[in-house]
Amino acid sequence: MPPAHRQNFVKLASIFAGVAADLDNRQPAIVAPELPLIEVIALMSQAQGQTCPWPQIEPIASSTERSPATAPIQQIQWTLAARHRAVLVLNLAGSIGIITDRDLVALIASQTEIHNLTAGDIAIEISPTLHLSAQQTAISALAILQQHQIRHLPILDDGGGIIGIATPERICQILQPVNASEFRAISECMTADVVSATPTTTIGQIARLMSDRNVSSIVIVEDRQPVGIVTAGDIVTFGALAFNLERLLARSVMSTPLHCLQATDSLRSAHQLMQAQNIRRLAIVNSEGNLVGILTASDLLRAIDPWAILAEMESGQRVRLDDAARERDRLERTNRELRTELAKHERLEVELRQTCQLWERQARELAAQSDREIATPTLPQTLGSLQFLKYALDRSAIVAITDRHGTIVEVNERFCEISQYSAAELVGKTHRVINSGYHPPEFFRELWAVISSGRVWSGEIKNRAKDGSYYWVATTIVPHLDAQGRPFEYLAIRFDITNCKRAEADLQHSERRFRAIFDGTFEFMGLLDPQGNVLEANRTALAAIGANLADVIDRPFWTTPWWSHDPDLQGQLQQAIAEAATGRLVRFEAKHVLADGSSMTVDFSLSPIVDDTGRVVMLIPEGRDITEQQAALRERLQAETARQESEARFGALLSMAPVGIFQADIAGNCLFVNQQCSELMGRSVAEALGQGWVKAIHPADRAWVVSQWQGAMSTDERPQHYEFALEYRFLTPTGRVNWVATKVVAIRDERGEITSYLGTIMDLTDRKIGAQKIREQAALLNIATDAIVVRDLHSQIEFWSHGAEQIYGWSATEAIGQTTAHLFYPDALPEASVQTAFATVFERGAWQGELHKNTKSGKKVIVESRWTLVRDEAGQPRAILSVDTDITEKKLLEQQFLRAQRLESLGSLASGIAHDLNNVLTPIVGAAQLLPLTLPSLDERNRRLLNMLVESAKRGSGLVKQILTFARGMDGQHTTLQVRHILAEIVSVARQTFPKSIEISLNLPHEDLWLVNVDATQIHQVLMNLFVNARDAMSNGGTIAAKAENIVISQSESAKDGEYTKVPFQPPVGSYILISVTDTGNGMTAEVLDRIFEPFFTTKETGTGLGLSTVLGIVKAHGGTIDVESQVGRGTCFKIYLPAIDSREAEPQHTGQAIYDGKGRLVLVVDDEVAIREITKESLEAYNYRVLLASDGVEAIAIFAANYHSIAVVLVDMMMPHLDTPSTILALQQIDPAVKIAVMSGLEPDRSAIDRCGVRAILTKPFTTIEMLQMLDSI
């Protein structure tokens, strides 16, 4: 027998001895308010195995009304598999809340999000409770439930602890209200308003229906007939299993079969069916099988008057099991007395019946006598005899006489006394006036059929007195027949047997109570006669051997299956019976074999029962299952042995542990230290106890450690598993410093109070020394500017130096643990060289090469990376050490150097090209200027075209000069001018050459612009660059707006909000000409804007990246600055600030042919270009010069030697074949040291070299006629 059964037997010795035994001794489900509601649902949906301590209860299926499908359960013990239909929520304040199936169904029906709810959020506080005491019974709990209209009542012990929950179902199981329901129909108590649904209804709909109607079950009906049921417990279980309740149909999960009764059946039959099938609900149907109601255990209890039952039970609820045999003896004596009294009444009834028959016979004889004379002598005697019989009947019997229709014509005093009606109230009435309604109409129809046929009827009738009380009478009705043998009146003689009936009911009730006690106990019990023959055996004992009472009754106890398996036990039992028959209690342990083949150790006893004379009349054999007690004893012995062994092992572990272990009390006094702990302190075990451990702490750490310890230990609210950890130093008496790490946990008693502290001390000295060395080595590594990175074989970073932080931007905290691929190549696969590096380093142990990586800011860097494979002590690869040197700047410088070399080559090439172009342009300019002289009849239009030709040639020459300036870095020629002319020219060219989808506007002030001192060609280049960039930014068309204005800078101006601004330097305070070029193109991002002035940076597919860098160089060379404003999608504005000068623009001088006159002077023109020679000759001759021509230096020397006396000026090209110009000049000077020489050059000549050669002037190609004449005139 399980321990729970044996412990509960003492409580259940009398079923109503206390609430704990009556109601529910299962441990209730108690949770904290903060428990997540989802766990509460899981708890309520799980079945729990609980040994049932109550008699005559079979297992209940988990969360279903379905009857068990298994074989009958043995009566010895069984397990109640029941869900928690309610959970108690106990908060710190002591208040009790409850969560029931119905509460959870309401939540599920409302589709409330429950994952963030706790038990405390939905628990409903329960105010009524019942404290456990000997005076409280199940009736007390029933009264409270009915008074407060609740379904769950917490049961508390003396200390306020919760020990159980009382529910209507449990009380109904205990009280078994059979007598109260014996004569009542189901229709009186059932719930007629039944909530039902069809099989196709979803469980979600059923949940909402339950919540709306506040019911715990829904009957599933089909064609008005019940086919199944769904309970709140089912829905909670489905919810815990995460079923989709909106798709789950009732037909697939409803409980079947559904047990039904008719409304006319008795409550007793309903209760018996509930107990037999272990169900809580019955469907009530009519004769056609249609659903008309539902009956629950709560409905049954509502039919009970708790105080009436209490009065009935208090008379017999205190019978102890040890007095069971004595009680049975008392009941038998009472039974014998009742039988004696009944026999007495029966004899009296026979005598009265005989008297009546005598009386009737005498009356007939008197009526038959016709001779009055003969009758006269005997009449007085007969009348006297009749008078005596009547007196006797009136004293002992209840007599009534009715006519042949049953109407009362005469009653005696006894009739009036017992019925409480007077004779006047009874005479003339029928016996219906005292009908109790107990007997059915068929009963009286049969009675009337008997007496109306002339026969005598005898039986027992229950009547009702005038005050409504009931009484029983033993009745004999004698018909009085006429001459034809037909009854003309009836004599009814009754005897009051109410007390006999009550005695019989008491006897039956006592027998039922005795049988319930006898059969309900979980112990083996029986009755033997003094010789050992079996008189009785309870169900528990019979179930153990699988026998019926008839199998063992009247058999010697030792021959029954309980003992027949062991002859030695049989002999021991016979001796015990003989000893118990002498009046002594006998007790011993016996091992029995049960019907299922299992064995059980039983504590067996034989108790003698004696009568009033002290004679042994019966023996009570009792057996208690102590199998588990013995097993528990063995387990305790084994546990004690294991504990001793564990303590021995623990002691050895403490002495051999590599770490120090100590225990301290709550005041911090050391109670125990192991050897390792004392060695770390440098003190003996005895010296370390108490406060000795404090003295061992290094003086520099002592105050801090003690403060930390006291602070941690004085914290009022420490968590359950609070852990104190600290690192500090011990100073041994020898001067050795030991670094240690201490961890301390609290030891708590069963109440949660801290009783002591247990801690460990680990030696960190070697680790600290090693860590210091590592830090020193790491510091050396961090000095290096290279990035030093250690990664494991899966490329996960283990070490990250300061150099790596500087190069890549990630801190060590951010980088360690990341993979190099994720860090350096977040958006793409690593380059192929990375895979090559891995393969090489694993194959050869090292690799070196260049890698392209991304930094934290997204910048791309190039590193010279050197990889080394790191191996462990076993020689196996463990990690990869890489040292990265940032060579991004170096690579950039290399690229710039290469570009510079290309530019130098371009400059050399440009010089030749420039010379040739200028040679081409010179005759064009000369011819264009010569034509108006030779063709004076030219109209104005042709003259304008010739002027445009001259200007275009000059602009072409200026462009050549610009290329040379950029390629060679030569300075341009600055002049004072108005920028309006340059802007107007640029706008004119742009309008002619740019796409028609681009609109170009020029905004110039009405007042005069200030003058600027600039190189016109370079400023022309700057503006043309800006216009071209604006055009390229508007592929779909747009607007370019050019503007010039006077501006005075008084203070720095900041960029507008929302705009990206790039200002290379702020112009100082002063006067400026502000030239702005604005487009409506794509605009630029902040990143692009930051780099637009970098050489070789371009966003164009075919760009060189030199345009804006050249613009910036030119503007800065003129003492100005550039301001750039740009917004993505809206456009860009470049603003150029050029310093203004305080002077007026020089008026152009118009010089005509009359001004310049060569006066016939001879000029030697030396040039290898025929066109230049010819156009120069024609131009000079037009102005009264004589000209000699030479194609190279040799020819020039020859001509000069022949004509040097008449040659006024030698005009020689700077670049000639055969003999270079400096040699030619030297040769000419050798001939005539006073010769005047001017140089023509398509390139900007080296003026210092020219000056050393004695050259008087330089004429740059292409040159105009006026420029040439001015030069000749000047020398």
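The values are calculated or read from the model by the stated rules, or taken from the named source; none is laboratory data. These numbers were taken from a predicted model, which means no experiment stands behind them. Quick reminder, even Gly has a Cβ in these numbers, built from the backbone with ideal geometry, and neighbours come from all protein chains shown.
Numbers at a glance
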item	result
Filtered residue count, region 1216-1247, keeping only those that are without any contact (Cβ under 8 Å) to a residue 24 or more places away in the chain and outside any loop (DSSP other than H, G, I, E, B)	2
Lone qualifier among ASN1013, ASN1025 - being surrounded by fewer than 20 Cβ atoms within 10 Å (Cβ to Cβ), more than 60 Å from the chain's Cα centre (by Cα) and assigned to a helix (DSSP H, G or I)	ASN1025
Pairs with Cβ under 7 Å, 6+ apart, first in region 281-299 and in contact (Cβ under 8 Å) with a residue 12 or more places away in the chain, second acidic (Asp, Glu)	ARG281/GLU65; ALA297/GLU169
Some residue of region 607-615 being exposed (fewer than 13 other Cβ atoms within 10 Å of the Cβ), assigned to a strand (DSSP E or B) and modelled with pLDDT of 85 or more	yes
Residue within region 864-872 that is within 23 Å of ALA784 (Cα to Cα), of a type in the set (Val, Ile, Thr) and more than 41 Å from the chain's Cα centre (by Cα) present	yes
Selected residue [surrounded by fewer than 16 Cβ atoms within 10 Å (Cβ to Cβ) and under 22 Å from GLU1087 (Cβ atoms)] from LEU829, LEU793, LEU892	LEU892
Filtered residue count, region 204-221, keeping only those that are assigned to a helix (DSSP H, G or I), without any contact (Cβ under 8 Å) to a residue 60 or more places away in the chain and in contact with a Lys or Arg (Cβ under 9 Å, 6 or more places away or on another chain)	0
Residues of region 658-675 that turn out to be in contact (Cβ under 8 Å) with a residue 24 or more places away in the chain and either under 14 Å from THR732 (Cβ atoms) or part of a helix (DSSP H, G or I) (or both), as a count	1
Residues (crowded, with 19+ Cβ neighbours inside 10 Å and in contact with a Ser or Thr (Cβ under 8 Å, 6 or more places away or on another chain)) located in region 415-430	LEU426
Members of region 261-279 found to be crowded, with 20+ Cβ neighbours inside 10 Å and either closer than 14 Å to SER217 by Cα or within 44 Å of the chain's Cα centre (by Cα) (or both), listed by number	MET274, ILE279
Any chance ALA449 is of a type in the set (A, V, I, L, M, F, W, C), surrounded by fewer than 15 Cβ atoms within 10 Å (Cβ to Cβ), at pLDDT 90 or above and over 15 Å from ALA492 (Cβ atoms)	yes
Yes/no for ASP1213 being surrounded by fewer than 22 Cβ atoms within 10 Å (Cβ to Cβ) and either in contact (Cβ under 8 Å) with a residue 24 or more places away in the chain or polar (S, T, N, Q) (or both)	no
Neighbours by Cβ (under 8 Å, 6+ apart or cross-chain): first from region 1001-1023, closer than 12 Å to ILE986 by Cβ; second modelled with pLDDT under 85 and assigned to a strand (DSSP E or B)	ALA1016/THR975
Residue, modelled with the lowest pLDDT, within region 883-901, restricted to residues that are hydrophobic (A, V, I, L, M, F, W, C) and not in a helix (DSSP H, G or I)	ILE887
Hey, PHE522 over 30 Å from ALA400 (Cβ atoms) and assigned to a loop (DSSP other than H, G, I, E, B) or not	yes
Residues that are at pLDDT below 90 and not in a loop (DSSP other than H, G, I, E, B), drawn from region 865-876	VAL870, ARG871
Every residue from region 222-260 that is of a type in the set (A, V, I, L, M, F, W, C), crowded, with 19+ Cβ neighbours inside 10 Å and assigned to a strand (DSSP E or B)	VAL227, ILE229, VAL230
Lone unmet requirement of (1) more than 25 Å from SER599 (Cα to Cα); (2) not in a strand (DSSP E or B) for ALA541	(1)
Hey, ILE294 closer than 14 Å to ASP101 by Cβ and modelled with pLDDT of 80 or more or not	no
Candidates PRO719, PRO699, filtered to the one that is farther than 27 Å from SER655 by Cβ, at pLDDT 90 or above and surrounded by fewer than 16 Cβ atoms within 10 Å (Cβ to Cβ)	PRO699
Close pairs from region 385-405: first assigned by TED's automatic domain parsing to the domain that holds SER419, partner at pLDDT 90 or above and loosely packed, with under 14 Cβ neighbours inside 10 Å, Cβ under 6 Å, at least 6 apart	ILE401/VAL409; ASP403/VAL409; ARG404/PHE488
Qualifying residue in region 375-393 (condition: crowded, with 16+ Cβ neighbours inside 10 Å and at pLDDT 90 or above)	no
Answer from TRP810, TRP847 - the residue that is over 13 Å from SER882 (Cβ atoms), in contact with a Phe, Trp or Tyr (Cβ under 8 Å, 6 or more places away or on another chain) and of a type outside the set (Lys, Arg)	TRP810
Test: GLU850 is acidic (Asp, Glu), more than 35 Å from the chain's Cα centre (by Cα), over 19 Å from ARG878 (Cβ atoms) and in a strand (DSSP E or B)	yes
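Quick grid of which residues meet (1) at pLDDT 90 or above; (2) surrounded by 13 or more Cβ atoms within 10 Å (Cβ to Cβ); (3) at negative phi; (4) not assigned by TED's automatic domain parsing to the domain that holds LEU1272:
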site	(1), (2), (3), (4)
ARG1091	no, yes, yes, yes
GLY1103	no, yes, yes, yes
GLY1131	yes, yes, no, yes
PHE1134	yes, yes, yes, yes
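For every residue, the table says whether it meets (1) in a strand (DSSP E or B); (2) more than 32 Å from the chain's Cα centre (by Cα).
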| site | (1), (2) |
| --- | --- |
| ASN782 | no, yes |
| VAL789 | yes, yes |
| GLU798 | yes, yes |
| THR813 | no, no |
| HIS822 | no, no |
| PRO826 | no, no |
| LEU829 | no, yes |
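Condition check ((1) under 13 Å from PRO530 (Cα atoms); (2) among the hydroxyl-bearing types (Ser, Thr, Tyr)) across all residues:
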site: LEU542; (1), (2): no, no
site: ILE545; (1), (2): no, no
site: TRP562; (1), (2): no, no
site: ALA590; (1), (2): no, no
site: ASP603; (1), (2): no, no
site: THR613; (1), (2): no, yes
site: VAL617; (1), (2): yes, no
site: PRO621; (1), (2): yes, no
